[in-house]
Structure formats: C-alpha cells, structure tokens
1. Anything in the range 58-80 that is within 28 Å of Thr265 (Cα to Cα) and either touching a residue at least 24 places away in the same chain (Cβ under 8 Å) or touching a Lys or Arg at 6+ places or on another chain (Cβ under 6 Å) (or both)? List them, or say none.
2. Counting just the residues of the range 189-213 that are at pLDDT below 95, surrounded by fewer than 16 Cβ atoms within 10 Å (Cβ to Cβ) and out of contact with any helix residue (DSSP H, G or I) (no Cβ under 8 Å at 6 or more places or on another chain), which one comes out farthest from Ser40 (Cα to Cα)?
3. If only one of Asn126, Asn179 is open to solvent by 30 Å² or more (accessible area, probe 1.4 Å), out of contact with any helix residue (DSSP H, G or I) (no Cβ under 7 Å at 6 or more places or on another chain) and modelled with pLDDT under 95, which one is it?
4. Which of the helices (runs of 4 or more DSSP H) contained wholly in the range 83-179 include at least 2 residues that are at positive phi?
5. Does Ile217 satisfy the criteria of being open to solvent by 20 Å² or more (accessible area, probe 1.4 Å), at pLDDT 95 or above and among the hydrophobic types (A, V, I, L, M, F, W, C)?
6. Looking only at the range 269-285, which residues are open to solvent by less than 10 Å² (accessible area, probe 1.4 Å) and over 15 Å from Phe187 (Cα atoms)?
7. Please go through the range 129-144 and give me each residue that is open to solvent by 60 Å² or more (accessible area, probe 1.4 Å) and among the aliphatic types (A, V, I, L, M), ordered by number.
Amino acid sequence: MNRETPDSWIDMTRRRAFAPSHITGFFVPVIRESALESGSLGAGICLNDGVVAEVVRDAASMDETRVTLSGEPFHSPPLSDALLELTSEPLQVDLHLDIPLGAGFGASGAAILAALHAANDALGLNLSHNEITLRAHRAEVAWRTGLGDVIAQATGGVVLRTREGAPPHGRVIQIPAENVPVSWAFFQEISTAAVLEDTDAQKRISLAGRSCLKRLIKRPSLENLMIESRRFTCEVGLASESVIDAIESAEARGVVAAQAMLGDTVFAIGEDIFSEYENSGTSLIDKRGVRGVP
C-alpha cells in the first residue's frame, strides 16, 4: 500500500469496463415465461463507440448505490435492478456514452453489461463472462429495454443470433468482417418498450425477421446483412420519413442503407455517408465485445 494514500481511500476500489454499442439490422422477438430463454433472433453490428462504466467501491462514505451519466444523476430501472441483484454494497457508477440514447444503439444493454463487468472486478466476485451476460440480459428483457443487444455486445463483431436468450440457452455466430467503418444518422428518440408491446408491429416484425434470418444463414456476410436489413426496413414499416429520406439519399449514391432497430436512426457501411445530417457519425466495427479497460 502507498503510505501516502489518505485513510479515506483505503477501502476504495475503482474499476472501468467498456461495452460496444450494437445496431440491429433485423430481429424476431421471442418472449417466453423465463427471461433467460426470452430474447430475439436476428443480426447486427457491434461498434467501437459505446459505453464506459466506472464503478467505485467505497462503502465507508456511501449509504446507497448512485448512478450518473456524464456526471449527472441517471435513472435506469434495469441497471439498478441488475446492480442490486449483484450486491447489496453501495457503489458509485459513472457512465460515459459515445452514442445517443433511445436511438437503436443498444445503449441500455451496453450500460448494464459494462457496469456489471466493472462491478464484478471492483467487488472481486469472480463471476464468469457468461454469468455477467446472463444477469444483464435478464434485466433488459424484464424491462423490455432490449431483447438481443446484450448477447451481441458480449460477443462483439458482426453477430448473427440463431437462438434467443442468454447463455447457455442463446446461440450466436460471428460473421467474418473486416474492421470497416459504419456510418449512422440519428433523428429522434424512440421507446423500445412501446414498439415491443404493439401486437400488430410484433406480427410484422416476426414474419419479416424470420424470412431475413433464413436467407442470411444460407449466405452469411456483412454485405448480405445490409441487404436483409434494408428488406426488413421496408417490410415492417417502422421507419420515419427522415430515415426513409436518408436511406434513399444513400442508395442514390450506390450505398445500401437501413433503419437501426429499434431507433429513428439510419446506418450503412462506409465512412461519412450521412455527414450532411446534424446528429451523425462514423464508428468502426468492434470485434472484442465487453471488456475491462484502464
């Protein structure tokens, strides 16, 4: 121990973890009685812009767990539930996002996954990667803030979800892909839970998603993922006029674009494709998934 360390810091443990964002191109919701066997089939891309969670363990100076986003108090029921299930010890959790909330980037799942990963290290719980993924997935499904993001974010890369649920029930395949840029533009926030509770929307999503999944399993590639995602966007009819205009603008230049599910967001493979829009960016594919960071 450093003899110059103040006494008030002696019990403090600080750990950080990163979870990539995840854009879903198409999906099939599967809801069962068990949250661990619920989730979604489908395909998506993990990006190297995501969520960093810093967890500080300092029981001597705190009486309850506190969560902040960029320094401001942040209320996330699924994250709070997941942390409380993990430990009764008070923690300080600071989240830093490189992606917008409510935009189809799986920010909720990334926040839970990164926070649990960092908390596991800070508390010395020695939970396995799969156990952390399971807990994060269960919280997401219970609150309907996401169905398939967590298992993809735990895996990294271009992910094809062939069986719904958390490990060991859930199954994924990584589609080989170069570390290419992915461009996106975000227009306004959408409630994932509201769409998932819409019965008519669920029927359209399931029908279109299963067809896309069958075709992509036969010919798994990043190019075909974009083709199927574009098809899914057309068939489910959830895209706003802003997203449709952006898709058509990209395709006029020979670029296949699609809606990020579930968000008022468009995405495509390539750099600075949507730079004319105010809320836009380009990220690289993240192949590693959730992990501790310095």
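The values are calculated or read from the model by the stated rules, or taken from the named source; none is laboratory data. These numbers come from a predicted model, not from an experiment. Virtual Cβ from ideal backbone geometry, glycine too; neighbours counted across all protein chains shown. In case anyone asks, the SASA skips ligands and DNA or RNA and just uses the protein heavy atoms, side chains included. Shrake-Rupley method; radii C 1.70, N 1.55, O 1.52, S 1.80 Å.
1. The first filter runs over the range 58-80 and keeps only residues within 28 Å of Thr265 (Cα to Cα), leaving 67-80.
The answer is Val67, Thr68, Leu69, Ser70, Ser76, Pro77, Pro78, Leu79.
2. Looking at the filtered set, the residue picked out is Glu189.
3. Working: Asn126 fails: modelled with pLDDT under 95.
Residue meeting the stated conditions: Asn179.
4. Numbers: elements: 107-123, 129-143, 149-155.
Hits in the range 83-179: none.
5. Numbers: open to solvent by 20 Å² or more (accessible area, probe 1.4 Å): yes; at pLDDT 95 or above: yes; among the hydrophobic types (A, V, I, L, M, F, W, C): yes.
For Ile217, the condition - open to solvent by 20 Å² or more (accessible area, probe 1.4 Å), at pLDDT 95 or above and among the hydrophobic types (A, V, I, L, M, F, W, C) - is met.
6. Restricting attention to the range 269-285, the residues satisfying the condition of being open to solvent by less than 10 Å² (accessible area, probe 1.4 Å) are 274, 283, 285.
Across the range 269-285, the qualifying residues are Ser283, Ile285.
7. Ala142
The rows are residues; the columns are (1) in contact with a strand residue (DSSP E or B) (Cβ under 8 Å, 6 or more places away or on another chain); (2) over 29 Å from Ala142 (Cα atoms).
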site: Leu222; (1), (2): yes, yes
site: Met226; (1), (2): yes, yes
site: Glu235; (1), (2): no, no
site: Ser240; (1), (2): yes, no
site: Glu248; (1), (2): no, yes
